[in-house]
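Each remark here refers to the structure printed beneath this line.
The values are calculated or read from the model by the stated rules, or taken from the named source; none is laboratory data. Treat the numbers as computed from the prediction; the structure is a model and nothing was measured. All Cβ positions, glycine included, derive from the backbone under ideal geometry; neighbour counts span all protein chains shown. Ligands, DNA and RNA are stripped out before the accessible areas are found, and what is left, the full protein with its side chains, is counted by its heavy atoms. Shrake-Rupley method; radii C 1.70, N 1.55, O 1.52, S 1.80 Å.
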Amino acid sequence: MTLYELSIEYARSADLLWGRISALEREKREEPDEGRRNLLEGRIRPLRAMYRETRAVARHLERYYVKFTPRRDRAPVPGIRSLYPMDHRRRK
């Protein structure tokens, strides 16, 4: 399994969490009892945190290799021989 495929799995998990959050929020809006609404909010709060973290991991994994690909859209700066960072081991 590649990191990109793993990011897809995380995105699916985030979608499931979002669906559950939406269902609980809908139930909370329709609930007449204040105590029950507070209990529902207590169930929603950790799910929101899980959703944010899951989406963040999915985005990080999806874009993991982007930072290692060279950027060809930039024009080289005069005096610099390469678009890549200079290797600290290389002597000129």
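Take the residues in the range 1-26 that are closer than 15 Å to residue 47 by Cα, open to solvent by 70 Å² or more (accessible area, probe 1.4 Å) and touching a residue at least 24 places away in the same chain (Cβ under 8 Å), then tell me which one is farthest from the chain's Cα centre (by Cα). Out of the qualifying residues, it is 20. Among the numbered criteria (1) in a helix (DSSP H, G or I); (2) modelled with pLDDT under 75, which one does residue 74 miss? Here residue 74 clears every test but (1).
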